[in-house]
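The block underneath contains the structure these notes are about, expressed in structure tokens.
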Amino acid sequence: MGRGFSRVRPGATARRAVLAVTGACGFVGANVVLALAKHGHRVVACDVKAPPEALRMAWARQPGPVRWLPLDVTTEGGWSFLDDEPIEAVIHGAAVTPGPSDETPAQTARVNLWGTVAALEYARRRGCRRFVFVSSSGVYGAVHSAKPVRETRPLRPASSYALTKLCGEQFVSLYRQAYGVDACSVRVAAAYGPWERPTGARIRMSSVYQLATAAMRRQRILVSGTQVARDWTYVGDVAAGLAHLAVLPTLPFDLYNLSSGKATSLGAIVRTIRRLVPRAAIIVEETRPSRADVVLGPSDHRAPLDVSRLRSTGFRARASLETGLRLYMNWLKRNGLRESA
């Protein structure tokens, strides 16, 4: 997982870091909890909703103990649930994700922005050693560039979600500079993999989720925009990168890109899933995109992120597209979504 992440064997008496993860039952948060607990750390998994039984069991199988606590990040009083826990670091991932939330920007701002300020204030009040804010590559807007996108690139958020993430980053920088909170923001690119599912905060599913689940069910699915590329990143790598920054001895920067660093077309994803699930009923429909179930247009294209800052700390995403999709398909099988006969 990179330098600075202390591994603790089951039964060992060495002191274990205690970390809080908000949005712990969501897509990325669930994987972050697993990454931390896998390496023996105590984790306080915070979410307004209780984890589903399958997720609770997955956490329980890890060497490090996981405790779920109900937490509404938007209320100052809600954070008092953590006052009895010796929290050393916070990974703040609770958010309303892109989708219909853009029709209710006030709700998006309440959760994504005020929730982040409340989290920072908690970390300041408790003197937490580290604060990691899960931001998004969406703050860059649509980027068509031959070069990878660096953290210093001008920003063009084009949705209420992206705007709240940008504002959250600015508060993170303020708390780092003015109040001494050792904090950073992490711009995560397009993630795919285990534990993505519809929730109250996540309604719009990724293209990979739609293609993978349809393939496993042998459902016919039409795809358009196979030339459109994004730096799709296996969620296990995303979680490992966030965990790495949470326990790194020092943070050289207050802002990091986190992705595979490679542009992958939707067509490459289709071809890989077809190899992994030969009977997948994925049909490419480029002439009439209005008929397609999964559609990516030119505005969905993203140049890959420059991840040299994160690599300089000793971490890099490792899963290739083939490996990531194979892991994902195997996880779908183990969790009851088997290929239909």
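Overview of results
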{"read-out": "Protection proxy ranking, peptides 124-135, 313-324, average beta carbon neighbours within 10 Å, highest first", "value": "124-135, 313-324"}
{"read-out": "Cut-off 11 Å (backbone N to label point 7 Å along Cα→Cβ of Arg309), residues of the stretch 237-268", "value": "252-258"}
{"read-out": "Å³ per residue enclosed by the Cα convex hull of the stretch 197-332", "value": "129"}
{"read-out": "Whether the stretch 121-214 is rounded, prolate or oblate, judged on the alpha carbon gyration tensor where a/c under 1.5 counts as rounded", "value": "oblate"}
{"read-out": "Under Karplus coefficients 6.51, -1.76 and 1.60, residue-wise ³J(HN,Hα) of the stretch 60-66 in Hz, glycine/proline x", "value": "5, 7, 7, x, x, x, 10"}
{"read-out": "Nonlocal amide H pairs with Glu285, under 5 Å, H built at 1.01 Å", "value": "Val223, Ser224"}
{"read-out": "Derived scalar couplings ³J(HN,Hα) [the stretch 43-54; Karplus, 6.51 cos²θ - 1.76 cosθ + 1.60; whole Hz; x for Gly, Pro]", "value": "10, 9, 8, 9, 6, 5, 10, 5, x, x, 4, 4"}
{"read-out": "For Leu255, residues with placed amide H under 5 Å, excluding near neighbours", "value": "Ser185"}
{"read-out": "Label of the coordinate-derived value, P(r) over Cα pairs in 20 Å bins from 0, in percent, listed as (i) 32, 59, 9, 0; (ii) 24, 37, 30, 9, 0; (iii) 29, 58, 13", "value": "(i)"}
{"read-out": "Dipole magnitude of the stretch 107-241 about its Cα centre (Cβ charges: Lys, Arg +1; Asp, Glu -1), debye to nearest 20", "value": "180"}
{"read-out": "The chain: angle of helix 115-126 to the longest principal axis, Cα-based, in degrees nearest 10", "value": "30"}
{"read-out": "Helix 207-217 vs. the chain, principal-axis angle (Cα, 0 to 90°, nearest 10)", "value": "60"}
{"read-out": "DSSP beta bridge pairing in the chain, given as percent antiparallel to the nearest 5", "value": "5"}
{"read-out": "Using distinct alpha-carbon pairs, which all enter the 1/r mean, Kirkwood radius of the stretch 250-315 in Å", "value": "15.0"}
{"read-out": "Segments 114-123, 171-180 sorted - mean Cβ within 10 Å per residue, highest first", "value": "114-123, 171-180"}
{"read-out": "Helix axis angle, 321-334 relative to the chain longest principal axis, alpha carbon, degrees", "value": "80"}
{"read-out": "Residue of Pro98, Pro63, Pro252 that the Gaussian network model of the chain assigns the largest fluctuation, springs spanning Cα pairs under 10 Å", "value": "Pro252"}
{"read-out": "Backbone HN-Hα couplings from phi across the stretch 166-180 [Karplus 6.51/-1.76/1.60, Hz, Gly and Pro as x]", "value": "4, 4, x, 4, 5, 5, 4, 4, 4, 5, 5, 7, 8, 10, x"}
{"read-out": "Built amide H within the under 5 Å cut-off of Arg42, gap 5+", "value": "Ala17, Leu19"}
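Here, each number is a calculation from the coordinates, and none is a lab measurement. For clarity, every value in this text was computed on a predicted model and none was experimentally measured. Cβ coordinates were reconstructed from backbone atoms using ideal geometry, including for glycine residues, and neighbour counts include every protein chain displayed.
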